1. Which value, in debye to the nearest 20, describes the size of the charge dipole of chain A about its Cα centre when Lys and Arg Cβ atoms bear +1, Asp and Glu Cβ atoms bear -1, and nothing else is charged?
2. Local charge sum around A:Leu240 (other residues, Cβ-Cβ under 15 Å, Lys/Arg +1, Asp/Glu -1)?
3. In deg cm²/dmol, rounded to 500, what helix-only [θ] at 222 nm does chain B give when every DSSP H run of at least 4 residues adds -39500 (n - 2.57) and the total is split over its residues?
4. Ignoring everything except DSSP H segments at least 4 long, calculate the 222 nm mean residue ellipticity for chain A; use -39,500 (n - 2.57) per segment, divide by total residues, nearest 500.
5. Just the C-alpha atoms of the protein assembly as shown: what Rg/Rh do they give, with Rh taken as the Kirkwood radius?
6. Calculate the mean, over all residues of peptide A:271-281, of how many other protein chain Cβ atoms lie within 10 angstrom of the residue's Cβ.
7. In peptide A:371-379, how many Cβ atoms from other protein chains are near each Cβ within 10 Å, on average?
8. How would the range A:257-321 be classified by its alpha-carbon gyration tensor: rounded, prolate or oblate, with rounded meaning a/c under 1.5 and the a/b versus b/c comparison settling the rest?
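We did not get these values from a lab; they are worked out from the coordinates using the rules stated. Computed from a prediction, not measured in an experiment: that's the story for all the values here. Methodologically, a virtual Cβ is constructed for each residue, glycine included, from the backbone with ideal geometry; neighbour enumeration extends over all protein chains shown.
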Amino acid sequence: MIGGKTAYLKKLTSKIHIKSIDVGTELDGSTPPSVFIGSWNYPKVYAGPMIAPQQGNTSIMDMPESWIPSNISQEEIIGYRLNLVRGKQRVEIKDLDNLLVEKLQEISLAKTSIESEAQFLKKPKGSSFSDEHTPHGPSALIEKFHIESVRWDHWLEKVFYDTDLKAADAVIDLHSKGLPFSSIQKAFSVGSMGVEKNRRLVPTRWSITACDSTVADKLLKEVRYCDIIETYQVYEFSSLNNYYAVILIPSEWQYEWMEAFLHVLGNEEVIFSDYETNSGKKEYSKVGGCYYTCKMAVLEKLARDKKQATAIILREAYNGYIPLGVFNVRENVRSALNQNPVEFDDLNNALDYVSNKLKLPIKRFIKKSNLLQELIRSRQTTLDAFFNYSI
Amino acid sequence: MFKAVLTDPSILKTSFDAISSIVDEVQMQTDNEGLRLDALDRSHITFVHLELKSDLFDEYSCSEPQKINVDTEELMKVLKRAKADDVLELSLDEGNLIVTFEGEARRVFKIRLIDIEYEAPAPPELEYPTEFEVPFSLLKDSIQDIEIFSDKIIFTVDEDKFFASAEGEFGDAKIEYLHGEKIEEKAKSVFSLDKIKEMLKADKFSDVISLRLGNDMPLNLRLKMVSDDGELSFLLAPRIESEE
């Protein structure tokens, strides 16, 4: 019996045995730029750079935004990631004067890959897979670390020196300037933004959700006041053994995320879901970071179009699926919403259409859902039918 | 020239507590009869109407009709700063709504007027089979009772009683109230609890709520001052259960 999603994914990731790169105690390479802050033993966490044992431009290895749009295969992505050797040192999260942390901040602000040299205490070992962060290769305690000087990104540098700017405002600012999400999140995780006395290291997995939900909250404030879409719209996308359907419904903002894992481990068919009504959600989502990242991606689209809608997202993950981190959800949902939608006049027709694309009978999703079930059972009418107004 | 003085700022404050949670911007219209406001929320689910007659104000003058367009959130932030014994004054200058609190000190806030493209919609005239009154506190309490099990509330009224009820996945709740009105037919409609909560934020306007209810019809909820000088009313679109 599979309990919650965390237990399920733990089981899934523990089954993955892929050999990561073999390196010695001395590494002469390049950081994409990339940093990793662990959450174990918080607030004394393991922080450090990730370095690929090769020279030149390695930026693609830590730029999840570019993988799905450029059709990079799962094998290639895993290849990139397992080539990244993680150096680490135990650091108190508030200890930003630490020499290693200062270098991590420099890395996080960099515009390009940086030539790096590292000396490890022992030969780096192992690999790491998780549903939240992107996988990485072997790790070891780092003894010496040197990076070449590097040009900083103009906008990241600006927020780095603005010690009065709140971290949340910085994230929103950088997102609106069009910076890649991964760059914002890296800088956020190494304490490169925020009011000076509040700056700290933030474990990578937490920093991803913090950035996603900060941006989502901001966008939702705008979307709440936008006009409602006029038709039922279905956006789809498939990649990396996943199918995504985003159903936008002409109603005020509400959101439900449902994901089915089908025969990934064996014969299992499990659905995890979570939702929020128009009045929002108080507790942390039980399905984790993907809930916030998908919400962010949908709100990005609605805010861009200056429209409001109820969003139901159905995802199916099939055999061969490997957890690659929440970016996988973010970029797939973004890609789906960049396609042209198929439009319908009512919910039933939209669901009929989607049910032909899903492997699992849609009834199973409906049974598990809260919001979708409610939308099928009853609908919020508008005053339009009763009103003669002119806007 | 427009000037309106209220010795009790709570009327405006409580009204905008509700209004600002429903609409983000409004157009207030003033003329020599008083101040009125009609607004529809962006989702077209709730319509709100506010009317404050000139007699309600301790001092009122409006030489020519004015349209005052404001961001309700900004106005609410200012109204929240009112102290109970402050005297509130509204006036206008070029581009600002001026809110003055006269108390221990004189505090002046200028709220920028905004551009609104819409013409305020006229309230629709609907024929209702039923009309009755319930105490404000009773409805407010009922909302909290219902909230335990559902985010939808079913309003039913028959010859004797008014019912607020909910049927949830984990339980049901039902509140009964003898309305004491002459009602000849039964009426029932379902509404979003959140939407009703928004309206009931105006909890200092009146002790009594007047309700008009039909079958799958919008809810007409009115708060009327005893003096008849002020009215805050809402129209809320129902939720409709599907046939299956």
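1. Numbers: 48 positive and 49 negative charges, 227 e Å.
The dipole of chain A has a size of about 1100 debye.
2. Numbers: positive: A:Arg81, A:Arg315, A:Arg330, A:Arg334; negative: A:Glu65, A:Glu75, A:Glu76, A:Asp131, A:Glu236, A:Glu259, A:Glu316, A:Glu331.
Once positives and negatives cancel, what remains is -4.
3. Values: 4 runs with 40 residues, N = 244.
After summing the helix terms and dividing by residue count, I get -5000 deg cm²/dmol.
4. Numbers: 13 runs with 134 residues, N = 391.
About -10000 deg cm²/dmol.
5. On the way: Rg = 28.9 Å, Rh = 27.7 Å.
Reported Rg/Rh (Cα atoms, Kirkwood Rh): 1.04.
6. Values: counts 0, 0, 0, 0, 0, 0, 4, 6, 7, 1, 0.
Per residue, the average neighbour count from other chains is 2.
7. Details: counts 0, 0, 1, 3, 1, 2, 5, 8, 5.
The shielding value for this peptide is 3.
8. Values: a/c = 2.83, a/b = 1.84, b/c = 1.54.
Here the range A:257-321 falls in the prolate category.
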